[in-house]
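A short write-up of the structure that comes next.
The values are calculated or read from the model by the stated rules, or taken from the named source; none is laboratory data. Keep in mind it's a predicted model, so treat the numbers as computed, not measured. Here the Cβ positions follow ideal geometry from the backbone for every residue, glycine too, while neighbour counts run over all protein chains shown. The area values use the complete protein model at the heavy-atom level, side chains included, leaving out ligands, DNA and RNA. Shrake-Rupley method; radii C 1.70, N 1.55, O 1.52, S 1.80 Å.
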Amino acid sequence: METGKRRPESENELDADRESEYPSAMKAVVQDEFGQAGEVLRVEGREPVPEPADSEVLVRVRAAGVDRGVWHLVAGLPYMVRIAGFGVRRPKQRIPGFDFAGTVERIGGEVTSVKPGDEVFGIAKGSFAEYACAVEDKIVPAPETIGAGEAAAVPISGLTALQAVRDQAKLEAGESVLILGASGGVGSFATQIAKAFGAEVTGVCSTDKVEMVRELGAERVIDYKREELGQGGEKYDAILDTGGNRSLKELRRLLKPRGRLVIVGGEDAGKVLGGTDRQLRAMLLSPFVSQKLRAFVSSENGEDINALRELVDSGRLKPVIDRSFPLDRAAEAIEYLEEGRARGKLVLDVAG
């Protein structure tokens, strides 16, 4: 006589079994106000599991990336991010995080590109949780050559680096590029992508990160603590500024007459503007000078995430992971990032 659980006799019955086993609550990092990560973030063990919309996919998060943008949204700084739609008095997104790598658990009625059980990575709001919902066109199959922790570090910073190098700087083989902040999250990707495009890369970083940037492929590395930029009279076809603390005048002096400056971020202009004033001044000045001065906001799209996956699987792009933290220590990870000591990216090991 057969014993144990009866096997489902149809697909509909199988779906019903899955539904009955599906958790209604999850562990997640949450915040109800803006502020220092250690003060406003907490871990809840009974947060409701989100329900995917028709065009969305519910994923079980295995790992989540920690980037500078997460810090901005947790802190609510500069105040411009609040005005931009992320919440004026309190965060609209209660669970932080965007980058993720994980497994498809459930799909919306209009989703056709993935199915439950697929390993994917990409962008999902609220990725600092065991489950998160992602729009179908912001996820792609996970890279085959790296694990979930490394894959989760790629999407946001990788997209910014790819679009800065390819679409804004328009780098071509043989051109010279100076990358400020080459050891950071975006900078470490940009250094490798520029190299993959055939550019001659000069990276700028602090003393303890020089060897790392050299290993990423930079032909020359400048330790800004020991050497002034341009002291040898060098001029570059393009500059990618991910550091955000040098004046337009100084950066233009390092460019060739028809060079391109791409300002990726800015961190030293106070709580109100946070560097956006420098970006605005660059765009206003650009039409009146021979150099192209640009600032941009990256586009979140599956096509470019897939391009990053191809670069990873071809061996031309490898995420640099400084540290991995458990989900319970998400606040500590963000504070470590804020200190500016991280080499490359930080990740959260959500699955444990």
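In the set 237, 223, only one residue is open to solvent by less than 60 Å² (accessible area, probe 1.4 Å), among the acidic types (Asp, Glu) and closer than 20 Å to residue 259 by Cβ; that residue is 237.
Could you list, in sequence order, all residues of region 152-171 that are in a loop (DSSP other than H, G, I, E, B) and open to solvent by 10 Å² or more (accessible area, probe 1.4 Å)? Matches in region 152-171: 170, 171. Restricted to region 282-300, and to residues there that are polar (S, T, N, Q) and closer than 17 Å to residue 186 by Cα, the residue that is least open to solvent (accessible area, probe 1.4 Å) is 298.
Hey, does region 85-104 have a residue that's over 21 Å from residue 346 (Cα atoms), buried (at least 18 other Cβ atoms within 10 Å of the Cβ) and at pLDDT 95 or above? Scanning region 85-104, I find at least one residue that is over 21 Å from residue 346 (Cα atoms), buried (at least 18 other Cβ atoms within 10 Å of the Cβ) and at pLDDT 95 or above, so the answer is yes. Residues that are farther than 22 Å from residue 277 by Cβ and in contact with a helix residue (DSSP H, G or I) (Cβ under 6 Å, 6 or more places away or on another chain) within region 221-261 comprise 221, 223, 225, listed in sequence order. When restricted to residues that are within 25 Å of the chain's Cα centre (by Cα) and outside any loop (DSSP other than H, G, I, E, B), region 235-247 contains 4.
Taking residue 303 as the residue in question, decide whether it is outside any loop (DSSP other than H, G, I, E, B), surrounded by fewer than 16 Cβ atoms within 10 Å (Cβ to Cβ) and out of contact with any strand residue (DSSP E or B) (no Cβ under 8 Å at 6 or more places or on another chain). Spelling it out, residue 303 is indeed outside any loop (DSSP other than H, G, I, E, B), surrounded by fewer than 16 Cβ atoms within 10 Å (Cβ to Cβ) and out of contact with any strand residue (DSSP E or B) (no Cβ under 8 Å at 6 or more places or on another chain).
Against the numbered list (1) modelled with pLDDT of 90 or more; (2) within 19 Å of residue 205 (Cβ to Cβ), residue 340 comes up short only at (1).
If you filter region 29-67 down to residues that are in a loop (DSSP other than H, G, I, E, B) and closer than 15 Å to residue 98 by Cβ, you find that the one that is modelled with the lowest pLDDT is 67.
Among the residues making up region 299-345, those that are closer than 16 Å to residue 159 by Cα and among the hydrophobic types (A, V, I, L, M, F, W, C) are 305, 307, 308, 311, 312, 317, 320.
Would it be correct to say that residue 272 is assigned to a helix (DSSP H, G or I) and either out of contact with any helix residue (DSSP H, G or I) (no Cβ under 8 Å at 6 or more places or on another chain) or modelled with pLDDT under 95 (or both)? Answer is yes for this residue.
Mind checking whether some residue in region 318-328 is under 13 Å from residue 66 (Cα atoms) and part of a helix (DSSP H, G or I)? Scanning region 318-328 turns up at least one residue that is under 13 Å from residue 66 (Cα atoms) and part of a helix (DSSP H, G or I).
Pairing residues of region 220-248 that are at positive phi with residues that are open to solvent by less than 40 Å² (accessible area, probe 1.4 Å) and part of a loop (DSSP other than H, G, I, E, B), at Cβ distances under 9 Å and at least 6 apart in sequence or on separate chains, gives 230/254; 244/181; 244/264; 244/265; 244/266; 244/274; 244/275. Filtered by the rule that a residue be out of contact with any Lys or Arg (no Cβ under 9 Å at 6 or more places or on another chain) and surrounded by fewer than 18 Cβ atoms within 10 Å (Cβ to Cβ), region 31-58 gives 35, 36, 38, 39, 42, 48, 53, 54, 55. The residues of region 308-319 that are over 15 Å from the mean Cα position of the chain (by Cα) and open to solvent by 30 Å² or more (accessible area, probe 1.4 Å), listed by number, are 310, 313, 314, 315, 316. Looking only at region 37-52, count how many residues are within 24 Å of the chain's Cα centre (by Cα) and closer than 12 Å to residue 23 by Cβ. Residues that pass the stated criteria total 2. Of the residues making up region 118-129, those that are crowded, with 23+ Cβ neighbours inside 10 Å, outside any strand (DSSP E or B) and at negative phi are 124, 127, 128.
How many residues are closer than 15 Å to residue 127 by Cβ and either among the small types (Gly, Ala, Ser) or open to solvent by 30 Å² or more (accessible area, probe 1.4 Å) (or both) if we restrict to region 320-346? Of the residues in that region, 4 qualify.
For region 186-198, the count of residues that are in a loop (DSSP other than H, G, I, E, B) and open to solvent by less than 20 Å² (accessible area, probe 1.4 Å) is zero.
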